[in-house]
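Here the structure comes first, spelled out in structure tokens, and everything after it is commentary.
The values are calculated or read from the model by the stated rules, or taken from the named source; none is laboratory data. All values reported here derive from a predicted model rather than from experimental measurement. Here the Cβ is made from the backbone with ideal geometry for all residues, glycine too, and neighbour counts use every protein chain on show. Ligands, DNA and RNA are excluded from the accessible area calculation, which covers all protein heavy atoms including side chains. Shrake-Rupley method; radii C 1.70, N 1.55, O 1.52, S 1.80 Å.
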Amino acid sequence: MKIGSERVVTLDYTLKNSEGVLIDTSKGREPLVYLHGVGSLIPGLENELSGKEKGANVNAVIQPEDAYGKKREDLFRTVSKAGFQGDEDVKEGMQVQLDTEHGPAYAMVSSIEGDEVTLDMNHPLADMTLHFDVDIVDVREATKEEIEHGHVHGPGGHQH
Ligand code: ZN
């Protein structure tokens, strides 16, 4: 059975950046189970997987436009170093948690100049070209209920 809309896909994956540095992998964990065609995965990867069959190995290079997008200037924010409670050792590259009107959010310290700390609130994988190595473990028809809910039920999925 080929991967397509209204089908549930089980896959093992390894994700690296262009320098070959490991970003994420399902190895040593449960495989990823998702409903194809509802935007569960980044668009570039869903496109690459579409039409592939169980047992296939797929190597895909996804450009930022089809992954987590380009970094947005409006998601950088400059704050005062004094705003970090008792935190003298704020460093570039450090991840910090912020309280926003939408609840907690994570940001990366992108630069520090004097008392000014610039925070990058973009997705950590924004601007990044993603290299996926995917093994398609299983493909099955989604149930009527899964299609209605827009997600997978049972093992690896939701329980409702
Ligand atoms: Zn459900």
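If I ask for residues that are open to solvent by 30 Å² or more (accessible area, probe 1.4 Å) and among the hydrophobic types (A, V, I, L, M, F, W, C), which ones from region 120-132 would you list? Matches in region 120-132: 121, 128. Within the set 105, 82, the sole residue that is in contact with a Leu (Cβ under 7 Å, 6 or more places away or on another chain) and surrounded by fewer than 16 Cβ atoms within 10 Å (Cβ to Cβ) turns out to be 105. Within region 31-62, which residues are charged (D, E, K, R) and open to solvent by less than 30 Å² (accessible area, probe 1.4 Å)? Within region 31-62, 46 is the sole residue that qualifies.
For region 109-119, the count of residues that are in contact (Cβ under 8 Å) with a residue 40 or more places away in the chain, out of contact with any strand residue (DSSP E or B) (no Cβ under 6 Å at 6 or more places or on another chain), open to solvent by 90 Å² or more (accessible area, probe 1.4 Å) and outside the structural domain of residue 34 (by TED's automatic domain parsing) is zero. Tallying residues that are open to solvent by less than 20 Å² (accessible area, probe 1.4 Å) and not small (Gly, Ala, Ser) within region 133-153 yields 5. Residues in region 2-30 that are at pLDDT 95 or above, open to solvent by 40 Å² or more (accessible area, probe 1.4 Å) and on the phi < 0 side of the Ramachandran plot: 2, 5, 7, 12, 16, 18, 19, 21, 22, 23, 24.
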